[in-house]
Amino acid sequence: MTTNDIIKPENLVYRKPTLLNDTPMHYCPGCSHGVAHKLIAEIIEEMGMEEKTIAISPVGCAVFAYNYIDVDWIEAAHGRAPAVASAVKRLWPDRLVFTYQGDGDLACIGTGETIHALNRGEHIAIIFINNAIYGMTGGQMAPTTLMGMKTSTCPYGREADLHGYPLHITDIAATLEGTTYVTRQAVHTVAAIRKTKKAIRQAFENSLNGQGASLVEVVSTCNAGWKMSPEQANKWMEEHMFKYYPLGDLKNLL
């Protein structure tokens, strides 16, 4: 390999994936969505599935993913992405089919669709961004909001007697017979990003190969909703979120 070969764009490790277009992202500085988008685009490109991927986005911050990743997208009603993905995969079994959802969408409004799609063993991948808050609509409490955590709808902190307990939706998914791969990852460090990329790649391959349902939770920050700087949000996530949502594989049958 010559020096000219090394500096070619296709040989650069840190180049932008070709599936990420030039539309400026609307996410707040420090938001985890941007990193997740880059990983998804890289994986689809590496798998050579640019023309055979169908993604479903619902409502919330995740809704605008279709603006940034150039694959075929379907817009689903709030929480209904797994149901739509199930229909798509049954109609086009040779396609890579995945949903991209936040915690308010997946673990609250869409709890029924999520649980039953996973339990049926639909051959889809679900990417679940968990920042423990409703980021787009004003920072309200989500099912995943931690105990004592303050939001616009629980300004004094989440209390069990009043609000109930945080929902471990990923742990529930691991108990379902239809799931083959369930994991919880993050994107706050380079090492974490590499693990998350590997996890998403496995979930995508499971979908493509018709190997049951996969769920990849990405524990994330929402520095705007948490009212912190990006650096403070990452530190808070490490100190608090990871204790309640520990990282690692919960189930891997393949």
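Read the figures in this text as sums done on the coordinates, not as results from a lab. Everything numeric here is computed off the predicted structure, so don't read it as measured data. Here the Cβ positions follow ideal geometry from the backbone for every residue, glycine too, while neighbour counts run over all protein chains shown.
Taking the criterion of being in a helix (DSSP H, G or I) and under 13 Å from the mean Cα position of the chain (by Cα), the residues of the stretch 42-63 that qualify are CYS61, ALA62, VAL63. Within the stretch 37-62, being more than 15 Å from PHE128 (Cβ to Cβ), in contact with a strand residue (DSSP E or B) (Cβ under 8 Å, 6 or more places away or on another chain) and not basic (Lys, Arg) holds for ALA41, ILE44, MET47, MET49, THR53, ILE54.
Looking at GLU177, GLU217, which is the one that is out of contact with any strand residue (DSSP E or B) (no Cβ under 7 Å at 6 or more places or on another chain), outside any helix (DSSP H, G or I) and either surrounded by 19 or more Cβ atoms within 10 Å (Cβ to Cβ) or among the charged types (D, E, K, R) (or both)? Just one listed residue meets the conditions, GLU177. Selection within the stretch 77-90: residues that are small (Gly, Ala, Ser) and closer than 19 Å to ILE40 by Cα. The member of this set that is farthest from the chain's Cα centre (by Cα) is ALA85. The condition of being without any contact (Cβ under 8 Å) to a residue 24 or more places away in the chain and in a loop (DSSP other than H, G, I, E, B) holds for only one of ARG158, ARG194, that being ARG158. Sub-9 Å Cβ pairs linking a first residue in the stretch 109-136 that is charged (D, E, K, R) to a second residue that is part of a strand (DSSP E or B) and surrounded by 24 or more Cβ atoms within 10 Å (Cβ to Cβ), at least 6 apart or interchain, are ARG120/ALA213; GLU122/VAL97; GLU122/ALA213, ordered by first then second residue.
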